[in-house]
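Down below is the structure, laid out as structure tokens.
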Amino acid sequence: MRVRMVWIAATLTLCASLARAETSQTPAQLFGRANAAYEAGNYAAAVDDYERAAASGVTAPDLFYNLGNAYFKQGDLGRAVLWFERARRLAPRDDDVRENLDLTRSLLRDQELLAASPRWRSALLAWHRDTTTAESVAVTSILFTLVCALGICFVFRDSETLSRVYRRVSILSPGRLLGLDKAQDLGLAMALVLLLTGAFAYSAFSKVRAEDARSTGVVLAEEASVFSGPSPNASVQFKVHEGTLVSVRDERAGWLRVELPGDLSGWIQEPSLARI
Amino acid sequence: MRVRACFMAALMLLSAPAWLRAEDVAVRATIEPTTVEVGGQALLTIVVEGKFRRGGQPELPPLADFDVFESGTSQSFQFVNGQAHSSLQYNYILSPRKEGNFRIDPIRYTLDDKVFTANAVTLSVVAGSAGVIPPAGGTTTPNRSGGHGTTPSSDESIFVASSVDRDTVYVNQQVTWSLGYYTDGRVELLRSPNYSPPSAEGFWVEDLPPQSKYYRNLHGRQYLVSEIKRGYFPTAPGTYRIGEARVDIVLDTMNRRNAFDDFFSRRGGFGEPRTLTTDPVEIVVKPLPTRGKPAEFSGIVAGNLTVSIVSDKQVVQVGEPINVSVEINGVGNMGTIAPPKLAELPQFKAYESGSSSDSFKKDYVVSGRRKFDYVMVPQVEGTFTIPGVRVAYFDPELKLYQTAQSADVHVEVKPGTQEDGRKVIYAGGGDDFEVINRDVRFIHPVPAHLTVASGHFYQSKLFLAAHALPLLALGLSVMVERKRRRLRSDIGFARASRAMREAEKKLAQADRAFRAGNAEDGFGRVHAAVVGYFADRANAPTAGLTSDDIETYLRASGAGDDTVASVRDIMAACDAARYAVGAASAERGLQIAARSRDVIASLERGRR
């Protein structure tokens, strides 16, 4: 009898330790297991493990990207867009992320709400789109320092040392090619860098603000009604479908006020939407 | 009827390669066999291959010594990396009228205003037994199995007569129309007869080679009959008419030759033109019976129809395309068969990728083969069965609807191993390629380092504060440069700025002189330091600056009496030491120098 009790106790201890081992997997282990499940075609298991790894606080674009893939394979386009967008924020120049996001978007129902900006505008704003918040902030800082340095150069423009350096460096200066003198050339360079600084500062500021406010959301429900007010008794203005991006402008007791292209706005219930 | 004719024409156009583009085209011609007997058959094949958009029509060179019959076309095309590779084949049956070696000149083929030429081919024609069936027992009977139409009753030396094998048929059932040219050899022709086929509105027409010849005894005369045949396929129910055929001949009234010389090989001379015509033939076309018509019946009228389906692969990976071909063979007009529908399988995406057709005319009966190609792309792994294709048709001989069915095709689909999981293949049917399998790119491996979310560097106050440094540096540089400029341009400011520094320097020299025991020199340096300081301050020349001047300057500057008194004492001590022998002591000098420092420092503090 005693031997049996000991056996039971040992078995229970073993099970508990195994369970602990199961639950105490590191994010990297979860990530690897999810990848294996994905490759085996078990997308539900892959989603589960990816989600757990993401819930542990890991901010890896590869993890978010894979999670988007797993949702895509399950046909959940809303969550696929959500995670691809999150991956894109961290790795905006990753071709795979961009490609999969484009593919997912092409399958969405609300195609008319996908604000297709003109090509020239996309090209012009590529620097904004293809940089992370940290990169935008860093570039802004560097440009700001450069503006100050150019300002110092401008102040000491008559010094012998600076004149000597200027003669060597200014061969490539467009201002000099235009026939501007040293002061004008430095002033032009300063103005251009200042302009760039302003652009990047605006880009960085808008990104930081968007991150802080989490003002972009993705519709997760296959179809979600957008009401005229934060109440189910309010009239339905229009309907949106999974994967559609919205701007979140306000929040009230489980309701979010959203805006969409074309001056569309209304209130949507929170479970139907996730913020990026 | 007109609508049906338009539909048939549209089908023809659809089956024609109108989507191709003239580019890198090769045209070649072959003939098989290269030696035939007179009246025999040689198959002339013209193959057009390459990348082109719109098919043309071969222009055959003059073939006066041959009877030429079209024997169908076939086409195939595929897309490789977005390029259309097409193959068009035109078949002609040549039936030589006389022996000899013949060279068929290069055949011209026009595509998008460009002319391509095929190679020339040669054909040897030898005399043979084919052609005329010798009379047996003095009487020859027509070599045909009865029919309907004109019964030859003329006692002319030369005449034509037409007949059909049946005058009541179903829609799309073949009617074989025959034209017999009768001659008893008593008349001579100056040139080959010119034959105009009958009009045949409402029919799909096929020439039926070869021309046959036989003897027939009519009204006690022996006639040589040259007979050609055509197949007529009515396109809609109703009563239709195969019009009159014309044969224009020119009789040689001056000369007579052997009655049994080849009818189509006469040449030259003047004579009596004559037109021989046949009587029109009425054909009653019955609609297809409604009773027993299968739901999937799509209008095929044929006999002995078979259907088969084959795939080029039985084991594939997800996303790997499978080429599936459906082939339909049967007796009848197979050129108008529409593509059968493959069963819709959600695990596959299916696309039509081309079609081809061949027609055969054995024993004056039209039969054919129609092949439809599909590309099927499996979307998921597993073992699947592509159900066999069912084709319902009406057999006009049996007067029954029949159904032909192919066997099933089994395909095993394995998981894809491609890195990006995406495969692009190209399907025919249009100018644009189509991405068939759209899938997300493959997952990424686990990165070497996984970072846990934490605050960003740009959110720290230190980072924000650091941006003040470049601004401070800029401000400082502005101040420095401003001072430098003033020092350069304002002598008074420059002297005043360095007044204390200069005085300190001289006082230090005085200290060294006092410590070295050279009191007189030391006092002289103290004096120079004090006078120089005030001269720099007042931007006045050092020479000639007296104690009174300094006092005046001090009073004007608002200095106190103590300061004025101290300066006066310093100046007096210096003068005494310099001019009174033995009055200078080193200790006293150090005290005076220290006092001078204090006074100058006090004045500098007051100035600020």
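For the condition within 18 Å of A:VAL208 (Cα to Cα) and among the basic types (Lys, Arg), what is the one hit in A:ARG105, A:ARG129, A:ARG119?
Numbers: A:ARG105 fails: within 18 Å of A:VAL208 (Cα to Cα); A:ARG119 fails: within 18 Å of A:VAL208 (Cα to Cα).
Going through A:ARG105, A:ARG129, A:ARG119 in turn, just one is within 18 Å of A:VAL208 (Cα to Cα) and among the basic types (Lys, Arg): A:ARG129.
Would you confirm, using the coordinates I've provided, whether A:PHE154 is in contact (Cβ under 8 Å) with a residue 40 or more places away in the chain, within 14 Å of chain B (Cβ to nearest Cβ) and either aromatic (Phe, Trp, Tyr) or outside any helix (DSSP H, G or I) (or both)? No.
Among the candidates A:LEU67, A:LEU63, A:LEU77, the residue that is touching a strand residue (DSSP E or B) at 6+ places or on another chain (Cβ under 9 Å), crowded, with 22+ Cβ neighbours inside 10 Å and within 12 Å of chain B (Cβ to nearest Cβ) is uniquely A:LEU77. Quick check on region B:421-432. Is at least one of its residues at pLDDT 55 or above, out of contact with any His (no Cβ under 7 Å at 6 or more places or on another chain) and not in a loop (DSSP other than H, G, I, E, B)? Taking every residue of region B:421-432 in turn, none turns out to be at pLDDT 55 or above, out of contact with any His (no Cβ under 7 Å at 6 or more places or on another chain) and not in a loop (DSSP other than H, G, I, E, B).
Residue-by-condition table, conditions (1) free of Cβ contacts under 8 Å to residues at least 40 places away in the same chain; (2) in a loop (DSSP other than H, G, I, E, B):
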site: A:VAL208; (1), (2): no, no
site: A:ALA234; (1), (2): yes, yes
site: A:VAL240; (1), (2): no, no
site: A:GLU251; (1), (2): yes, no
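Among residues of region B:449-478 that are facing chain A (nearest Cβ under 9 Å) and within 19 Å of A:THR59 (Cβ to Cβ), none has a Cβ under 8 angstrom from a residue that is loosely packed, with under 14 Cβ neighbours inside 10 Å and acidic (Asp, Glu) at a sequence gap of 6+ or on a separate chain. What do you reckon, is A:ARG86 of a type outside the set (Gly, Ala, Ser), within 14 Å of chain B (Cβ to nearest Cβ) and in contact (Cβ under 8 Å) with a residue 12 or more places away in the chain? Yes: the conditions hold for A:ARG86.
All conditions but one from (1) more than 14 Å from chain B (Cβ to nearest Cβ); (2) in a helix (DSSP H, G or I) apply to A:LEU180; the one that does not is (2).
If you check B:GLU344, B:GLU296, B:GLU327 for being under 35 Å from the mean Cα position of the chain (by Cα) and either outside any strand (DSSP E or B) or among the small types (Gly, Ala, Ser) (or both), only one passes: B:GLU344.
Selection of region A:120-151 for residues being more than 14 Å from chain B (Cβ to nearest Cβ) and either closer than 20 Å to B:ARG484 by Cα or of a type outside the set (Asp, Glu) (or both) yields A:TRP120, A:ARG121, A:SER122, A:ALA123, A:LEU124, A:LEU125, A:ALA126, A:TRP127, A:HIS128, A:ARG129.
Counted as qualifying within region B:92-170 are no strands (runs of 3 or more DSSP E), as none has 3 or more residues that are closer than 30 Å to B:THR290 by Cβ and either charged (D, E, K, R) or at pLDDT below 85 (or both). Of all residues in region B:370-381, at least one satisfies being outside the structural domain of B:SER86 (by TED's automatic domain parsing), within 30 Å of B:ASP165 (Cβ to Cβ) and not β-branched (Val, Ile, Thr).
Which of the residues spanning region B:479-509 are surrounded by 16 or more Cβ atoms within 10 Å (Cβ to Cβ) and within 14 Å of chain A (Cβ to nearest Cβ)? The one that is surrounded by 16 or more Cβ atoms within 10 Å (Cβ to Cβ) and within 14 Å of chain A (Cβ to nearest Cβ): B:GLU481.
Just to be sure before I move on: is B:PHE514 assigned to a helix (DSSP H, G or I), of a type outside the set (Gly, Ala, Ser) and farther than 22 Å from B:ALA494 by Cα in the structure I sent? So B:PHE514 fits the description; yes.
Considering every residue within region A:219-228, establish whether at least one is among the aromatic types (Phe, Trp, Tyr), over 30 Å from A:LEU77 (Cβ atoms) and in contact (Cβ under 8 Å) with a residue 40 or more places away in the chain. There is no residue in region A:219-228 that is among the aromatic types (Phe, Trp, Tyr), over 30 Å from A:LEU77 (Cβ atoms) and in contact (Cβ under 8 Å) with a residue 40 or more places away in the chain. Apart from one condition, B:SER356 fits all of (1) at pLDDT 85 or above; (2) of a type outside the set (A, V, I, L, M, F, W, C); (3) part of a strand (DSSP E or B); the exception is (1). Condition check for A:PRO92 on (1) part of a helix (DSSP H, G or I); (2) more than 11 Å from every other protein chain (Cβ to nearest Cβ): one failure, at (1).
The values are calculated or read from the model by the stated rules, or taken from the named source; none is laboratory data. Quantities reported herein were computed from a predicted structural model and do not represent experimental measurements. Counting neighbours? That spans all protein chains shown, and the Cβs are built from the backbone with ideal geometry, glycine included.
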